[in-house]
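Each value in this text was obtained by applying a stated rule to the coordinates, not by laboratory testing. What you see is a predicted model; the values in this text were computed from it and never measured. No Cβ is skipped: glycine too gets one built from the backbone with ideal geometry, and neighbour counts run over all protein chains shown.
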């Protein structure tokens, strides 16, 4: 498949991407919250529960972002996870960055690392069957942040990553996240819009300079939201309007799709905002979801590490995936969630 064909399949109408690439510290925190340990077996069992959810995976999920561990892992019966995903016609993806580290010469800002050896790793992942990859940059809003230096350094790394992916025949998912839950976290929605627009402008300038083919990539941005401690939280329509305004100003129409991160929103907020955006006229790209927590929360709580809870957990996962499928078509309504 061409890069464009893979990208188009990932944003097929009514489908979105499952982000199952939580780092070990993140999954440990989520497992601790439900009272289970973070072992390789439990991580495998949890992800296998998701991947074997036939209704969710075949109807509503186009791709799954994995860790290297999961990409190479087999289920309890010896079936490779890659094969399980292929059986549901889900494209495997891989998180390739090595995480965020303190930005030299900057207070509290982060730079994402992982470019060293990336060309070799991408060749290996492509041979294993990965069709797309993901790299996350974190842009912080604070009194002295973001600095121009941190923004440009992260954008440059995203562009180098994207170019290496396309060279390897892998679709790059470019994720510049303006985080809303950092400290102090009291910034207005107007400030978030301003920073998000500047970030995306910087990222696309770097992608253009690097020669990245916009038709063979996807963007995974944040929505435009007030900080989690802001005095005023915008309503659903304002979030949708400001987010789409920002994207129209910065994202070339050649990009096949935009798959949002949920960024600490509640399950229903992430769905409502996505649906409101898709009700706006004349979007030049497909607009869908690439959610982790906002797809998995209810399923994880119900599963709680117990085999006897698998069917209940899978039903919860399928419900959430269906709600976001409807949202990606602009057809979600709150009463559909509350009726479940």
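Compute the FRET efficiency between residue 209 and residue 253 as 1/(1 + (r/R0)^6), taking r as their Cβ-Cβ distance and R0 = 22 Å, and round to the nearest 0.05.
Efficiency, from the Cβ-Cβ distance: 0.70.
In this calculation the C-beta distance from residue 266 to residue 116 is compared with R0 = 30 Å, giving a FRET efficiency of 0.20.
The helix-based estimate of mean residue ellipticity at 222 nm for the chain, built from -39,500 (n - 2.57) per DSSP H run of four or more residues and divided by its residue count, is -14500 deg cm²/dmol to the nearest 500. Note on residue 329/residue 144: beta-carbon distance plugged into 1/(1 + (r/R0)^6) with R0 of 45 Å gives a FRET efficiency of 0.60.
Legend: translational diffusion of segment 21-115 by Stokes-Einstein, Rh = Kirkwood radius over C-alpha pairs, 4 °C, 1.567 mPa s; D = 87 µm²/s.
Looking only at the chain, where both bridge partners belong to it, what percent of the DSSP beta bridges are antiparallel (to the nearest 5)?
Taking every DSSP beta bridge with both residues in the chain, the antiparallel ones total about 15 percent.
Select one label from (i) 74, 20, 15; (ii) 29, 27, 18; (iii) 28, 24, 20: the one whose number is semi-axes √(5λ) of the Cα gyration tensor in Å as derived from the coordinates shown. Recomputing semi-axes √(5λ) of the Cα gyration tensor in Å here gives the entry labelled (iii). On a C-alpha basis, how far is the centre of segment 152-187 from the centre of segment 242-281 in Å? Whole number, if you could? Between the Cα centres of segment 152-187 and segment 242-281 lies a distance of 17 Å. Annotation for residue 308 and residue 337: the two label points, set 7 Å from Cα along the Cα-Cβ direction, are 3.1 nm apart.
Modelled spin labels at residue 28 and residue 128, positioned 7 Å past Cα toward Cβ, are 2.1 nm from each other.
Estimated at 0.36 nm per residue, the fully extended path between residue 83 and residue 38 surpasses their Cα-Cα distance by 13.7 nm.
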